Structure formats: C-alpha cells, structure tokens
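Chemist: Take this structure first; my questions come after.
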Amino acid sequence: MIKSALALFCFLLLPAELLAQKSVSELPHAHSSALQEFLTKRPDLKFLSEQEMDRASLQDMRKNFGARLTPYYRTGDFNRDGILDFAMILVKEGPPSRDLGPDIDETHRHRHSLTVVIFNGQKRGGYRAAFVKNITGPLVSFLYVTFEKRKQLYFAVYETDEHFIMSPAGNGYVVEYDRDN
C-alpha cells in the first residue's frame, strides 16, 4: 500500500516535459504562450513533435537517456538564476534543406533547418527568448541536460559526436564545445 501510494505521488511530480512533446497544447500554459508569441514573429518555424522522429530511434534514445526524455523540449534552470527556463528545438516549414545521399542511414540522411531556442523565466513571470541558434540537423537531434560537475544544456545528434553546449553568459548564452571532442 505504501509503495503504491509513493509511486502515485512520484508520478504526479514528474516534470511536464514527460507529456509535452506531441503538441503545443501539451506544454505548460506559460511555455505554450511564450512559444506561440515567438512563432508569430517567426512564421517560417513550427513546433517539432516527437512523432516526426523515427520511432525506433526515439525508443533507443529513451533506453540510453531515460524513459522521460523529450528530445525537442527541456526544462530547467539553465542560467542558474533560480527561475525555471525551457528550451525547444523548432523546425523550419517545408522539406529537408539537404540530402546527404543514399549512403547515409535514413535517420541521419536528411538535414532539416532547425532552430534551438532557450526561453529564460522572468522574475515577474513569463519568458523571453534569450538564445536563438539556427542550425541544420537530422530529426534525431535532441536536447539533453547533463548532471555531471554542473548542469549543462546540450544540443546533440543521436549516435554521432555532433553536439554543442549552451552555457549562460550575461543575459544570454554562448555556444561551447567539449574540450576533448
């Protein structure tokens, strides 16, 4: 009885990102509002649903990075100011921007125009886009937070060494790379 009550309590405390990957309406209200406002200024971009990712790759990613992984959406205090932030990978409307050819695995073959956005939480509520980076990558790209020495937000392409770290700097973020890669 105690174990089942504890399991139910833990389930209720799961972060919203567990459910917030299939549509904008599944995001917490404040996140969806900030995202919608951002998208009205960038009509060429759209929400990227996890349903657009290869199903086998997503399952494998969740085995390696945790069952609650939401590849295109992360929450956390990325700038370490004590206020919750969130990050998203968005995709440009239209077909892939580049085809790397038939010698490349289908999951990595097509490069899409992607945009990584970090929305910083504000002291008086709401969010502002503090970091915007346009890149190209396959749909097996994802956001990940490490818990090693310090929490760091990564953009990575699954099963490759293609990645970068977004580190807080001033009112925004800078892109860094691991020294050993």
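Chemist: Restricting to DSSP H runs of at least four residues, report the calculated mean residue ellipticity at 222 nm for the chain, -39500 (n - 2.57) per run over all residues, nearest 500 deg cm²/dmol.
Modeler: One gets -6500 deg cm²/dmol as the mean residue ellipticity at 222 nm.
Chemist: If we count other beta carbons within 10 Å of each Cβ, what is the order of Thr40, Thr146, fewest first?
Modeler: Ordered by Cβ neighbours within 10 Å, fewest first: Thr40, Thr146.
Chemist: How would you classify the stretch 51-175 from its alpha-carbon gyration tensor, with a ≥ b ≥ c the square roots of the eigenvalues: rounded for a/c under 1.5, else prolate if a/b is greater than b/c, otherwise oblate?
Modeler: The shape class here is prolate.
Chemist: Projected onto the charge dipole of the stretch 86-181 (+1 at Lys/Arg Cβ, -1 at Asp/Glu Cβ, origin at the Cα centre), which of Gly121, Ala169, Val140 gives the Cα projection farthest towards the positive end?
Modeler: Working it through, the farthest residue towards the positive pole turns out to be Gly121.
Chemist: If packing is taken as the average count of other Cβ atoms within 10 Å, what order do 162-172, 69-79 fall into, highest mean first?
Modeler: Highest to lowest by the protection proxy: 69-79, 162-172.
Chemist: With a ≥ b ≥ c taken as the square roots of the eigenvalues of the C-alpha gyration tensor of the stretch 12-109, please select rounded if a/c is under 1.5 and otherwise prolate if a/b is larger than b/c or oblate if it is not?
Modeler: oblate
Chemist: Give or take rounding to whole Å, what are the principal axis extents of the alpha carbon atoms in the stretch 100-143, in descending order?
Modeler: 51, 14, 9
Chemist: Given contacts defined as C-alpha pairs under 8 Å and at least six residues apart, what's the relative contact order of the chain, whole-number percent?
Modeler: 16 percent
Chemist: What does the charge dipole of the chain about its Cα centre add up to, to the nearest 20 debye, if the Cβ of each Lys and Arg holds +1 and the Cβ of each Asp and Glu holds -1?
Modeler: Values: 23 positive and 23 negative charges, 153 e Å.
In total the dipole reaches around 740 debye.
Chemist: Right, another one. Could you please rank His29, His108, placing first whichever residue has the fewest other Cβ atoms within 10 Å of its Cβ?
Modeler: With the fewest neighbours first, His29, His108 line up as His29, His108.
Chemist: Separate question: Along the charge dipole of the stretch 2-176, pointing to its positive end and built from +1/-1 on Cβ of Lys, Arg, Asp and Glu, which listed residue (Ser57, Asn79, Pro102) has its Cα farthest out?
Modeler: Working it through, the farthest residue towards the positive pole turns out to be Asn79.
Every number here is computed from the coordinates shown, using simple stated rules; none is lab data. These figures come from a predicted structure and were not determined experimentally. Ideal geometry is used to build each Cβ from the backbone, glycine not excepted, and the neighbour counts take in all protein chains shown.
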